[in-house]
Structure formats: structure tokens, C-alpha cells
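S.K.: Here it is, the structure in full.
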Amino acid sequence: MKMWTGRFSKELDKKTNDFNSSISFDHVMFRVDIEGSIAHATMLGKQGIIPQNDADSIVAELKKISEDLENGSLEFDWNAEDIHMFVEQVLTERLGDVGKRLHTGRSRNDQVALDNKMYLKIQTQEIRALVKELVNALVTKAEKHTLTIMPGYTHMQIAQPVTYAHHLLAYVQMFLRDIERLDDCYKRMDVMPLGSGALASTTYPIDRQLVCDMLGFREITQNSLDGVSDRDYCIELNSALSLVMTHLSRFCEEVITWCTSEVKFVELDDAFATGSSIMPQKKNPDIAELIRGKTGRVNGNMITLLTMMKGLPLAYNKDMQEDKQAIFDSVETVKLCLKTFIPMFETMNENTQKMRAAAAKGFINATDCADYLTKKGVPFRDAYKCTGQLVALCIQKNCTLETLPLEDYKAANEIFDEDIYKAIDLQTCVEQRKAAGGPAPEAVAVQLEWVKAKLDQLG
Ligand code: ARG
């Protein structure tokens, strides 16, 4: 029996009830729903809106309901309309008329806005902690690899040498920005909407600030119409999560490439790789591929949310019930991906020789050869052209810049001398890239300090 039966002469059609019901996905909010109701009932009692005794009984019974749901002695009614109706129904069954006083001066519209924010605040903090854990894992590994030379790429073509530490720290920057985005979004989520009523607040002398303080929100919403119909925070959170997934997905793509038999920069731990049902030799990076693939569903949820809100008139509309499946799915997906990615990354084995050998290929030091000439006074464009010709000569002679005889260098430009070999040595190439933000070990040391200070500051 619905709680809103007064106006109706028939029970809701069964299929319509299933269609309308959200308990299958909003039951996960039961803890915060009850916490919100406890704050509301406490405030009603304190303000004398309902008798203090009734408020006390409601609070005590709500705590009991929460415990009963937690330990499984109370089961969800999957025919209930939503988690809010379900909790109120149980309360009323247990307390009779007293239970019926809970919803005084409140609507499900401000209640669901409150619950959703409380739930997503917790989720945002959990995800933030996981992103931070990942950053720490990246930093720990980076610290061990400040001297590990690997090729840097543009267009997936070998470009200039970097170090593995520098490469990992690029991801650290991305994930640090993700933390900042989550914090920023959290700030706007942390505004308490209860008291907005259905749309136009209430005639009861409620104390919104008390509820706000009890529930640990930063401040209260300033407009009741906006209070019940704002879902910006879901969209903002999903957007931040889409970026987390984008970063994970890019990293996974690299891990997948690094695992190929042609590259073999890393080997995944057996616990984080899978075999083939037919090809006995295979060791597949399924986990990395799945994370890359799951980025699609988080981005899909982003479009769901944006499209759901677009064109909605003020204030609450049932369309908004659709927010939960989308944003909850994004939240769960990101948590799952981070929890899987972190140990996969921590346990994967880097083959530093392979990295170094790959860096020695592809004329990775051609820029350094040109820079050598430039530093001896040759204009850069001429130096560039001359080096290009030397590369062509190497290709023709099937050698590298390191093995090209000095006569060939001198034939191209008299300025070349013995010291060219030192200048194009991979070690030198990396060590000399010591501009701020560069891959040279001394620049990476500064970068690492910066990251640690940032982590401290972010808390
Ligand atoms: N289950 C609903 C939701 O998630 C709760 C609000 C219902 N309000 C209403 N007026 N029907 O949005």
C-alpha cells in the first residue's frame, strides 16, 4: 500500500510500479537516508514542530532500522517505491502514528537531493583516497627509476630519450589534477538542500542550519527551487571521473603496448594477467584492456546525465531519478578500476635493458647532434638539415649516429670533432635535458620534491 493513497481509488498497476520504483538501485543510500532523517527528526523535536518524545522515539527506531538493515535482520521490500518510502513505511509499521510524523515539513524531493549528496560525498572521498594511493605507487616506482633511460615518443615514433621515472611522473601530474577536480566538485556538493521542501520550502519554523551542522555540510542551499533540482554535482563528479578513466585508459594502453612481444618493456605479474583458451603461449593484459574499455561506460554515463538534465523545467521532475544509476555506476566502475590497476601496476616487472635498447634505436639522439652544431655556432636550421643528411647517410650505411665514422661527420661539417660521440651518448642526452620539467635526473629530483609538497598540501 502506497503512502500517498489518499487521492487514489486504485492500487498502482504492477508493471507501472516496477517501472516507477527506484529501490533496486537507491537502496544503497539507506545509511545516509536514515542519517538525514535522524537529523530532520531531531530538528523537528528541538523546534517543537513535533513533540520531543515522538522525535526521540523516531530517532531511536531509525537507528534500530539502520542496524537491522546492516545485519540483514530487516530485508528491503523490492516492491517499495524507493528507499525513502521504504524506511518511512517500516518506521510507521513499528511506531504507528508517531512514525507518521517524521515527514513533517519535508518532501522526498529535498530528501533525495540530500541523500544523493551525502552518498556521493562519501564516494568522492573514497575515490580520492584511491587516486592518492595510485599517485603514491607511481611516486615510489618513479624514485627507483630516475636513471632508467627509455625512449620518449611522438606519433608513436621514437623521438627523444626520457627516463621511466619521468614518464611515470607525467601520470602523477594527471592524477594530481584529478584529486584537485574531485576536491573542487566536493566543495559544491557539500551544500545542504534539506528544507527546500517539494520546491518552495515550508511553512514550519524549521532550523536548516542545525540540520546542516548535524550532517557536517559546509553550508545550506540558498534557493529552494535550485535546492531540489540541482544535479550539477552529479555531472561535475562524472566529468571528473571521466578524466580519471581517461588517464587510466591512456596508461593501460601503454601497458598493453609495453607487454607486446615486440616491445616487452614490462611483464605483468601472473596474478594480473590471463591466458588464452586455445593458445598455450599467451599471457594477455586483459585487466588493462578492461579498464580501457570501461572508460566507455563512464563517458556514456556522462552523456546520460547531461541529456537527462537538458531542458528540464524547474523544479523537481521524475526524470532526475535517472541520475542515480548513471552516477552510481560511474562511481563503482572507477573504484573497481583503481583497485585493480594499482596492484597490477605495483607488481608489473620492468625490463630496463629492453627500455634502454629501444632508446638506442631510431636516431633518438638526432636532436642532440643538431644541438651540438648549434652550440658551436651553426644556426639551428642549418644544423637540423646537416643532421638530417647524416641520418640519411647512416640509413644508407646501415649504422647509427654513434657508430658513424668521424670522417663522415667532418665531411658534412668541419666543426664536428671527437666530442660529438660524447654529446650524442644517451646518458648525456638525458642528463643535458635539465630544464625545469625535463627528464634529467637532477630535474626529476626537483619534480619529485614538488610532487611530495603537493601531496602534503592536498592532504
Ligand atoms: N525516487 C525518487 C528519485 O530518486 C525520489 C523523489 C520522488 N519525488 C517525487 N515527487 N516523486 O528522484
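The values are calculated or read from the model by the stated rules, or taken from the named source; none is laboratory data. Treat the numbers as computed from the prediction; the structure is a model and nothing was measured. So basically every Cβ, Gly included, is an ideal-geometry build from the backbone, and we count neighbours across all protein chains shown. These area figures cover heavy atoms from the full protein model, side chains too; ligands, DNA and RNA do not enter into them. Shrake-Rupley method; radii C 1.70, N 1.55, O 1.52, S 1.80 Å.
S.K.: Tell me which residues, restricted to the range 1-28, are of a type outside the set (Ser, Thr, Tyr), surrounded by 10 or more Cβ atoms within 10 Å (Cβ to Cβ) and within 15 Å of the ligand (Cβ to nearest atom).
M.R.: LYS2, MET3, TRP4, LEU12, ASN17, ASP18, ASN20, ILE23, PHE25, ASP26, HIS27, VAL28
S.K.: Which count do you get for residues in the range 313-370 that are within 16 Å of the ligand (Cβ to nearest atom), open to solvent by 20 Å² or more (accessible area, probe 1.4 Å) and either part of a loop (DSSP other than H, G, I, E, B) or touching a Lys or Arg at 6+ places or on another chain (Cβ under 8 Å) (or both)?
M.R.: 5
S.K.: For a quick check of your reading: which helices (runs of 4 or more DSSP H) sit entirely within the range 397-442 and have at least 3 residues that are hydrophobic (A, V, I, L, M, F, W, C) and either free of Cβ contacts under 8 Å to residues at least 24 places away in the same chain or surrounded by 12 or more Cβ atoms within 10 Å (Cβ to Cβ) (or both)?
M.R.: 406-412, 426-431
This table checks each residue for (1) of a type in the set (Asp, Glu); (2) closer than 17 Å to PHE272 by Cα; (3) touching a strand residue (DSSP E or B) at 6+ places or on another chain (Cβ under 8 Å).
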| residue | (1), (2), (3) |
| --- | --- |
| ASN301 | no, no, no |
| THR304 | no, no, no |
| LEU314 | no, no, no |
| LYS318 | no, no, no |
| SER330 | no, no, no |
| VAL334 | no, no, no |
| LYS339 | no, yes, no |
| PRO343 | no, yes, no |
| GLU346 | yes, yes, no |
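S.K.: Here is a further query. Could you tell me whether LEU243 is hydrophobic (A, V, I, L, M, F, W, C) and either crowded, with 20+ Cβ neighbours inside 10 Å or over 28 Å from the mean Cα position of the chain (by Cα) (or both)?
M.R.: Here the answer is no, as LEU243 does not meet what is asked.
S.K.: Might you check whether a residue that is buried (at least 19 other Cβ atoms within 10 Å of the Cβ), touching a helix residue (DSSP H, G or I) at 6+ places or on another chain (Cβ under 8 Å) and under 30 Å from THR347 (Cα atoms) occurs anywhere in the range 186-199?
M.R.: Within the range 186-199, none of the residues are buried (at least 19 other Cβ atoms within 10 Å of the Cβ), touching a helix residue (DSSP H, G or I) at 6+ places or on another chain (Cβ under 8 Å) and under 30 Å from THR347 (Cα atoms).
S.K.: Note down all Cβ pairs under 9 Å where the first residue falls in the range 73-87 and is within 20 Å of HIS103 (Cα to Cα), the second is more than 10 Å from the ligand (Cβ to nearest atom) and among the basic types (Lys, Arg), and they're at least six residues apart or on different chains.
M.R.: Correct list of pairs: GLU81/LYS2; MET85/LYS2.
S.K.: Something else: Please tell me if ASN284 is under 30 Å from SER224 (Cβ atoms), open to solvent by less than 50 Å² (accessible area, probe 1.4 Å) and of a type in the set (S, T, N, Q).
M.R.: Criteria not met by ASN284.
S.K.: Of all residues being part of a helix (DSSP H, G or I) and farther than 19 Å from ILE127 by Cα in the range 301-312, which is farthest from the ligand (Cβ to nearest atom)? Just the residue, please.
M.R.: Checked the range 301-312; the qualifying residue farthest from the ligand (Cβ to nearest atom) is ILE303.
S.K.: Within the range 237-247, identify whether any single residue is modelled with pLDDT of 95 or more and assigned to a loop (DSSP other than H, G, I, E, B), and answer yes or no.
M.R.: no
S.K.: Now for a different question. Within the range 29-80, track down each residue that is open to solvent by 70 Å² or more (accessible area, probe 1.4 Å) and part of a helix (DSSP H, G or I).
M.R.: Matches in the range 29-80: ARG31, GLU35, LYS46, GLN52, ASN53, ASP56, LYS63, LYS64, GLU67, GLU70, ASN71.
S.K.: Still on this structure, please answer the following. With the structure loaded, tell me whether TYR233 is among the aromatic types (Phe, Trp, Tyr), within 16 Å of the ligand (Cβ to nearest atom) and not in a helix (DSSP H, G or I) or whether it fails that test.
M.R.: No: the conditions fail for TYR233.
S.K.: Would you tally the residues in the range 37-86 being within 15 Å of the ligand (Cβ to nearest atom) and aliphatic (A, V, I, L, M)?
M.R.: Total satisfying the criteria: 3.
S.K.: Going by the structure shown, is ALA383 surrounded by fewer than 18 Cβ atoms within 10 Å (Cβ to Cβ), more than 44 Å from the chain's Cα centre (by Cα) and of a type in the set (Gly, Ala, Ser)?
M.R.: Here the answer is no, as ALA383 does not meet what is asked.
S.K.: Here is a further query. Return a yes/no flag: does the range 219-226 have any residue that is modelled with pLDDT of 95 or more and in contact with a Cys (Cβ under 9 Å, 6 or more places away or on another chain).
M.R.: yes
S.K.: What number of residues within the range 91-116 are more than 11 Å from the ligand (Cβ to nearest atom) and open to solvent by 10 Å² or more (accessible area, probe 1.4 Å)?
M.R.: Final tally of qualifying residues: 13.
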